[in-house]
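J.: Mind looking over this structure? Questions follow.
The values are calculated or read from the model by the stated rules, or taken from the named source; none is laboratory data. Every value quoted in this text rests on a predicted model; they were computed, and no experiment measured them. Neighbour counts are summed over all protein chains in view; Cβ atoms, including those assigned to glycine, are modelled from backbone coordinates with ideal geometry.
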Amino acid sequence: MKNLFSDKKTIALLSVPSIIIIAFAILAPLVVSLYFSFMEWSGFGAVTFIGMDNYRQLVLHDGTFYRALLNTFLLMLVTIFLQNPFAFVIAAILTKLKDATSRFLRTIYFIPATLSLVVVTKLWVSIFNPSYGFLNKLLQGIGFQNMQIAWLSNPKTALGSVIWIMVWQGFGWALLFYYSGLMTVPKELEEAAKVDGANKFQLYTKIIVPYMLPVIQSVIVIDVISSLKQMEMVYLSTEGGPGDLTQFIAVYLYQKAFRYSEYGYGNAISVIFVILAVFLTIFIQRIFRERSAGKKRVGA
Amino acid sequence: MTRYQVGRNSKKTLLAIFLGLFVVAQVFPLLWVASYSLQKSGDLFGPELFKLPVNPVWNNYVRAWFDGKIPQYLTNTLLVVIPSVTLSTVLSFSIAYACTRMQWKLRPVAWFIITIGLTIPIHTTLLPNFIWYNFFGLIDTRIGLIISYVAFSISFNAIIFSGLLAGLPFSMEESAFLDGAKYRHILPSIIAPMAATGFATVGVQTFLNHWNEFIMANTYLMSEAKRTLPFSIIRFQGQYSSDYAVQFACMTLVALPPLLLYFIFNRWIVAGITAGAVKG
């Protein structure tokens, strides 16, 4: 019987196609990218080997690259410290409502998450539009006459507006993760806390949040990775501007290659981007793992 | 009414307002666009904050449909999405089966390769694939796009399937083997039905993702005749830049199918996301 579960032909048939596709469309391109990151190439003509020059320029002299990193970091902060707590509080409220009400609200709150990035971006570009957009009309309506802010091209508001679009669409995801996490909290835990005289605030800070820590951690991991991967919204709204104020890494590498014809340089950004994504994923997961391991040791 | 009740009621009202505000924030932008998609473009510049379409201008939708070339883009989308969803579902089920229920030496390596797809950002493959795919003649072909869609969706889908498959008793295959059945019968007729919820979740989720995908389609497909649905919106903005109402109609049309799908298959989408979150 055992050898049926290790039948080589079946294993090959089941696993080789997936592995080939991933190797072909994800892993091989990374090698191609690495190769071109050492080259200077405009997309046409000669490919010149320039060693580490692209990387040197990128790491030592490229302000736009660091601007993109800073924006990614700001987005992470906003997601983790503003969007997540809101999502958590609403998820907690939803668990206390009647089933039908809760299901209705969850369905509504998740709607933006099902829309395509193109629709979401164009939707908000229209709302932010200086001449007919809803936002300026609203501000005029509540007394700010002559309000004609070009939200996406004004240096003071552009980054905030772009981050708002991202956080708006991501809200439904965070809510759903927290809601499904909260549903796994055992009822006995809450009752025991009430018997011990804990008030509602203590119930959440002392019992439920610690219990939910693994869920919170995996949501944060997802947030960090998805902040890093933001691109389409910027590409379709501000294109990184005004200047490089709303630049994100993925937009920048795309523009370098396809708009400024610096294909080699774009690939160098690409390589750094992969390293950053892999490193950050491993790093955060390790921090969380060590923390929970440390706790277990203290507990024992 | 006692003081306690007053406190409770006002608390309830506050809560309702709080939740209501979030409903408005999440839905209003859509309603705004949908509402003005049925009016004249000029109405958008009116002084009022929000106006319902009293005399709906359905012609906006007729124009969005034809001038936005929606039938053509829709066909293109389906020609990519149907194969990509089918392939991704079958392949991720297969690899998940091999990696959760069968025993082989390289299994950890294979699973590592599969899960690595979750970490690598799609955008880092855009530039190299331009050269790499071109080398194989895959640029500006639907097959090229399908390969990328499948590659980037296998990881997540395989994780969902492996969660389901790991819980099944091994006696299922064993008794079938004793009856003389082969894998090519056991997998589709015994194991796959046990993972039916997985197929629903993976199918709907992958369909939504691929239907909505923009940046790979934008990069790998160049000829107008092959482009997918999101381009109808972008095309419109370029060509009819002052015709806002028709643009809005186009956006509504593109957003509608995923929304309907979401309302119909809500349960499975949610199940998939939850499974993903638990696995991290």
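J.: Whether any residue in segment B:108-117 is free of Cβ contacts under 8 Å to residues at least 24 places away in the same chain and touching a Cys at 6+ places or on another chain (Cβ under 8 Å) is what I want to check.
T.: Looking for residues that are free of Cβ contacts under 8 Å to residues at least 24 places away in the same chain and touching a Cys at 6+ places or on another chain (Cβ under 8 Å), one finds at least one in segment B:108-117, hence yes.
J.: Something else about it: Is it true that A:G172 is facing chain B (nearest Cβ under 9 Å) and touching a residue at least 24 places away in the same chain (Cβ under 8 Å)?
T.: yes
J.: Now a separate question. Give the residues of segment B:150-186 that are within 13 Å of another protein chain (Cβ to nearest Cβ), of a type in the set (A, V, I, L, M, F, W, C) and crowded, with 17+ Cβ neighbours inside 10 Å, sorted by residue number.
T.: B:V150, B:A151, B:F152, B:I154, B:F156, B:A158, B:I159, B:F161, B:L165, B:A176, B:I186
Matching residues to (1) modelled with pLDDT of 90 or more; (2) closer than 28 Å to A:L228 by Cα:
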{"residue": "B:C99", "(1), (2)": "yes, no"}
{"residue": "B:R107", "(1), (2)": "yes, no"}
{"residue": "B:I116", "(1), (2)": "no, yes"}
{"residue": "B:I122", "(1), (2)": "yes, yes"}
{"residue": "B:P128", "(1), (2)": "yes, yes"}
{"residue": "B:F135", "(1), (2)": "yes, no"}
{"residue": "B:D140", "(1), (2)": "yes, yes"}
{"residue": "B:V150", "(1), (2)": "yes, yes"}
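J.: Moving to a separate point now. Pick from A:S227, A:S237: which is modelled with pLDDT of 90 or more, within 21 Å of the chain's Cα centre (by Cα) and over 27 Å from A:Y55 (Cα atoms)?
T.: Matching residue, one of A:S227, A:S237: A:S237.
J.: Let me ask something else about it. Out of the residues in segment B:221-258 that are more than 22 Å from B:P53 (Cβ to Cβ) and among the aliphatic types (A, V, I, L, M), which is farthest from the other protein chains (Cβ to nearest Cβ)?
T.: B:A225
J.: Here is a list of conditions, (1) within 12 Å of another protein chain (Cβ to nearest Cβ); (2) touching a Leu at 6+ places or on another chain (Cβ under 7 Å), and A:M166 meets all of them except one; can you say which number that is?
T.: With respect to (1) within 12 Å of another protein chain (Cβ to nearest Cβ); (2) touching a Leu at 6+ places or on another chain (Cβ under 7 Å), A:M166 is out only on (1).
J.: Check A:L117, A:L139 and return the single one that is touching a residue at least 12 places away in the same chain (Cβ under 8 Å) and within 13 Å of another protein chain (Cβ to nearest Cβ).
T.: A:L117
J.: Moving on to the next point. Taking the options A:I127, A:I93, name whichever one is without any contact (Cβ under 8 Å) to a residue 40 or more places away in the chain, under 20 Å from B:I17 (Cβ atoms) and within 8 Å of another protein chain (Cβ to nearest Cβ).
T.: A:I93
J.: How many residues does segment A:212-229 contain that are surrounded by 21 or more Cβ atoms within 10 Å (Cβ to Cβ), closer than 30 Å to A:N129 by Cβ and either of a type outside the set (S, T, Y) or facing another protein chain (nearest Cβ under 9 Å) (or both)?
T.: 2
J.: Condition test on B:T201, is it touching a Ser or Thr at 6+ places or on another chain (Cβ under 9 Å), buried (at least 21 other Cβ atoms within 10 Å of the Cβ), touching a residue at least 12 places away in the same chain (Cβ under 8 Å) and more than 12 Å from chain A (Cβ to nearest Cβ)?
T.: No, not satisfied.
J.: Can you tell me how many residues within segment A:230-257 are within 12 Å of another protein chain (Cβ to nearest Cβ) and touching a residue at least 60 places away in the same chain (Cβ under 8 Å)?
T.: Residues meeting the conditions: 11.
J.: Filtering segment A:182-224 down to residues that are in a helix (DSSP H, G or I) and of a type in the set (S, T, N, Q), which residue is nearest to the chain's Cα centre (by Cα)?
T.: Step by step, filter segment A:182-224, then rank; the result is A:S218.
J.: Hey, which of the helices (runs of 4 or more DSSP H) in segment B:102-201, taking only ones fully inside, have at least 2 residues that are among the hydroxyl-bearing types (S, T, Y)?
T.: B:142-166, B:171-178
J.: Still on this structure: In segment B:68-84, is there at least one residue being surrounded by 17 or more Cβ atoms within 10 Å (Cβ to Cβ), modelled with pLDDT under 85 and under 30 Å from B:R142 (Cβ atoms)?
T.: Yes; the residues of segment B:68-84 include at least one that is surrounded by 17 or more Cβ atoms within 10 Å (Cβ to Cβ), modelled with pLDDT under 85 and under 30 Å from B:R142 (Cβ atoms).
J.: Here's a follow-up. Would you check if there is a residue in segment B:119-136 being more than 9 Å from chain A (Cβ to nearest Cβ), touching a residue at least 40 places away in the same chain (Cβ under 8 Å) and not aliphatic (A, V, I, L, M)?
T.: The answer is no; no qualifying residue exists.
J.: Do the conditions hold for B:I139, that is, is it more than 8 Å from chain A (Cβ to nearest Cβ), surrounded by 21 or more Cβ atoms within 10 Å (Cβ to Cβ) and touching a residue at least 60 places away in the same chain (Cβ under 8 Å)?
T.: no
J.: Only residues that are aromatic (F, W, Y) and surrounded by fewer than 23 Cβ atoms within 10 Å (Cβ to Cβ): list them for segment B:240-271, please.
T.: B:Y240, B:Y262, B:F263, B:F265, B:W268
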